[in-house]
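Here is the structure we will look at.
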There are 2 protein chains.
Amino acid sequence: MIVIGELINATRKKVREAVLNRDGDYIKALAEKQAAAGADFIDVNVGVGGGDSEEESECMKWAVELVQEACDLPLCIDSADAAVLRAGLEACREGKTHFVNSVTAETKRLEPTLAVVKEFETRVVALTMGDEGIRTETADRVECARRIMEGVRKAGIPEDRVFFDPLVMPLSMDPRNPVLTLETGRKIKEEFPSSALVMGLSNVSHGLPRRKLLNRVFLAFAVQAGFDAAIIDPTDREMIDTLYAAEALAGKDEFCMNYIRYCKDSG
Amino acid sequence: MIVIGELINATRKKVREAVLNRDGDYIKALAEKQAAAGADFIDVNVGVGGGDSEEESECMKWAVELVQEACDLPLCIDSADAAVLRAGLEACREGKTHFVNSVTAETKRLEPTLAVVKEFETRVVALTMGDEGIRTETADRVECARRIMEGVRKAGIPEDRVFFDPLVMPLSMDPRNPVLTLETGRKIKEEFPSSALVMGLSNVSHGLPRRKLLNRVFLAFAVQAGFDAAIIDPTDREMIDTLYAAEALAGKDEFCMNYIRYCKDSG
């Protein structure tokens, strides 16, 4: 499973402060830590909520350069604003396939975001929500996936670059939510077998105690359900333990070589 | 999920010694520990491999009485020998539904074991193996389940007393093994929807490092796959953590009440 390190996200209080104060050392340390822990991509989200596209773009460029000084990983440029995505990708090293996080089926966002994905030949996290926001039922989310895939085909983007996120809503709101997300993922994969599935999973445990426990068990469920990538904290040792064990148990780790090596390396 | 505490099993070296030396305090302590940790049933296996039915029967009676002094839980009388099962159940308190562990489709064992299940009105762990031993393919194991269910019906035992164990073979032998076990379980439940599924899961990790990690992630998979019971170590805190989280995430814990209470109680 592809691990996208989630720690550089300005919705987290300390990152927000670091972004506002241009504390580059803090950002670089977060990148280093995640790279050392084995992340495949580093997510970069510098949205501090001002809504000023130019300011966020400048800030994204600043952060992207820092992260690339700190490590040699491809990035996951995370913003709802296509101009910010573009600014981030322009600052990215060539020769790597980066991620855009994210596109949705929202009329306003779909085309401009896919234009950036096309131009920079990135992968893209595709959230199955549209102009109506997040819908409860599987069928509505699959319909969003269809609208996004239509745009992807129109733009001439290879389908295997699309990582659908079937969106997990808090378990505390409805006990069916986690199952619904996995089901939605399975249906999307059935309909678009060339596409991939990604999960931003921490929302599942919102409002409940021992959130990390719930998050890691849900990651195991996602592995079993055939998800290809997850946006997680790669420095959470128990989470990564669970990931390697789940891949081995789901038959996705030939001869358990990755599991055995991981156990050896993590001592 | 029903938790059957597995610790009193003479295949474990210390238990074997306690059985041979008639060290009642050791057996009682294991029962108390498992009851305190929240086990629903206590498995009792005193087979030290002599093959003497009378001696094992006497020993089973001894152990059953000790366990019942130590706690008030129903038992899971564990032997391949119908006479030993009978001796254990005769020593069991009335007014509880106990378990027999186990029946198989083996010609020699099927009828005599089911006769005991019928007489003592117990539940039964039904291993999906027959005269040919354990077969690799799902279809062969489902065929064993059919043979057992035929015997169950002939004996007039209610079908919901039957807990099929689709048998987990070591992941280290074949990466398909865990997936195969879950698939076999799903197929059996499809064919016999009144029956239940049980898993004796520790075999999955045989020969691999960090066995407890693999065991608990596989327990999460089993919960998701609809298993009703597991034979596990209830004193393994991380295992029980995983169990509560998995049940909540699988939509089997209305309003997450059990999960929240567990988090509160376990501090």
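Take every pair of alpha-carbon atoms less than 8 Å apart whose residues are at least six positions apart; their mean separation over the length of the range B:1-140 yields a relative contact order of 19 percent.
Gap in Å between the Cα centre of the range B:235-267 and the Cα centre of the range B:116-160? Here the two parts' Cα centres lie 31 Å apart. Between amide H atoms placed 1.01 Å from N, distances below 5 Å from A:LEU75 occur with A:ILE42, A:PHE99, all of them 5 or more places distant or on a separate chain.
Computed on chain A, with alpha-carbon pairs under 8 angstrom and 6+ residues apart, the relative contact order is 16 percent.
Projecting the Cα atoms of B:CYS71, B:CYS59, B:ALA91 onto the charge dipole of the range B:1-147 (Cβ charges, centred on the Cα centre) puts B:CYS71 farthest toward the positive pole. Compared with the alpha-carbon gap, the fully stretched path from A:ILE134 to A:SER53 is longer by 26.7 nm at 0.36 nm per residue. Each stretch of four or more DSSP H residues adds -39500 (n - 2.57); spread over every residue of the protein assembly as shown, this sum gives -15500 deg cm²/dmol at 222 nm. Computed from the alpha carbon atoms alone, the convex hull of the range A:116-215 holds 103 Å³ per residue. The residues neighbouring A:GLY185, those whose beta-carbon lies less than 12 Å from its own, together hold a net charge of -1 under the Lys/Arg +1, Asp/Glu -1 convention. For the range B:1-50, the square roots a ≥ b ≥ c of the C-alpha gyration tensor eigenvalues yield an a/c of 1.5 or more together with a/b not exceeding b/c, which makes the shape oblate.
Kirkwood hydrodynamic radius of the range A:195-244, from the reciprocal of the average inverse Cα-Cα distance over all distinct pairs: 11.0 Å.
The average projected area of the range B:1-122, computed from the convex hull of its Cα atoms over all directions, is 7.2 nm². Residue by residue, the range A:211-226 carries 3J(HN,Hα) couplings of 4, 5, 4, 4, 4, 6, 5, 5, 4, 4, 4, 5, 4, 5, 7, x Hz when phi is fed to the Karplus relation 6.51 cos²θ - 1.76 cosθ + 1.60 (θ = phi - 60°); x denotes Gly or Pro. What you get for the protein assembly as shown, charging only the Cβ of Lys and Arg (+1) and of Asp and Glu (-1), is a dipole of about 60 debye around the Cα centre. The Cβ shell under 11 Å around B:ASN9 holds other residues with a net charge of 0, Lys and Arg each +1, Asp and Glu each -1. Taking max minus min of the alpha-carbon positions on each principal axis, the protein assembly as shown gives extents of 85, 42, 40 Å, largest first.
Seen from a random direction on average, the alpha-carbon convex hull of the range A:103-161 projects onto 3.6 square nanometres.
In nanometers and ordered shortest first, the copy-to-copy spacing of the A:ASP23 label point, defined 7 Å from Cα toward Cβ, is 5.6. Here the dipole of the range A:40-121 is about 240 debye; that uses its Cα centre as origin and unit charges on the Cβ of Lys and Arg (positive) and Asp and Glu (negative). In this structure, A:ARG261 and B:THR235 have a Cβ-Cβ separation that, at R0 = 30 Å, corresponds to a calculated FRET efficiency of about 0.50.
The fraction of all Cα pairs in chain A landing in successive 10 Å bins from 0 to the largest distance is 7, 30, 37, 23, 3, 0, given as whole percents. Close amide-amide hydrogen proximity is noted between A:LEU201 and A:ILE231, each under 5 Å apart and 5 or more residues distant or on a separate chain (H modeled in the peptide plane; Pro and chain starts excluded). What sits nearest the axis between copies B and A, counting only chain B Cβ atoms, is the residue and whole-Å distance B:ALA220, 2. Once you mark the GluC sites (Glu not before Pro) that are in a DSSP loop and have at most 13 other Cβ atoms within 10 Å, what is the longest gap between them in chain A? In chain A, the maximal stretch lacking such sites is A:138-267. Projected onto planes of every orientation and averaged, the convex hull of the alpha-carbon atoms in the range A:55-201 covers 9.1 nm². Backbone geometry of the range A:123-131 corresponds, through the Karplus equation with coefficients 6.51, -1.76 and 1.60 at θ = phi - 60°, to 3J(HN,Hα) couplings of 7, 9, 7, 10, 7, 7, 9, x, 4 Hz, x marking Gly and Pro. Using a 7 Å projection from Cα along Cα-to-Cβ, the label point at B:GLY267 is separated from the same position in the remaining copies by 2.8 nm, smallest value first. One decimal place: the segment A:LYS108-A:THR11 gains 32.6 nm when fully extended, by the rule 0.36 nm per residue minus the C-alpha distance.
Only Cα sites of the range A:27-98 enter the Debye sum here, all with the same form factor; the resulting log10 I(q)/I(0) across q = 0.13 1/Å is -0.33, listed in q order. Using Cβ point charges alone (K and R +1, D and E -1), the dipole size of the range A:122-267 about the Cα centre works out to roughly 160 debye. When you restrict to C-alpha pairs under 8 Å that are six or more residues apart and normalise by the size of the range A:1-63, the relative contact order lands at 43 percent.
Between this copy and the others, label points of B:LYS252 are 2.2 nm apart in ascending order, each placed 7 angstrom from Cα in the Cβ direction.
Only the coordinates and a few stated rules stand behind these numbers; no lab work does. Not measured: the values here are computed from a predicted model. Heads up, the Cβs are rebuilt from the backbone with ideal geometry, glycines too, and the neighbour counts pull from every protein chain shown.
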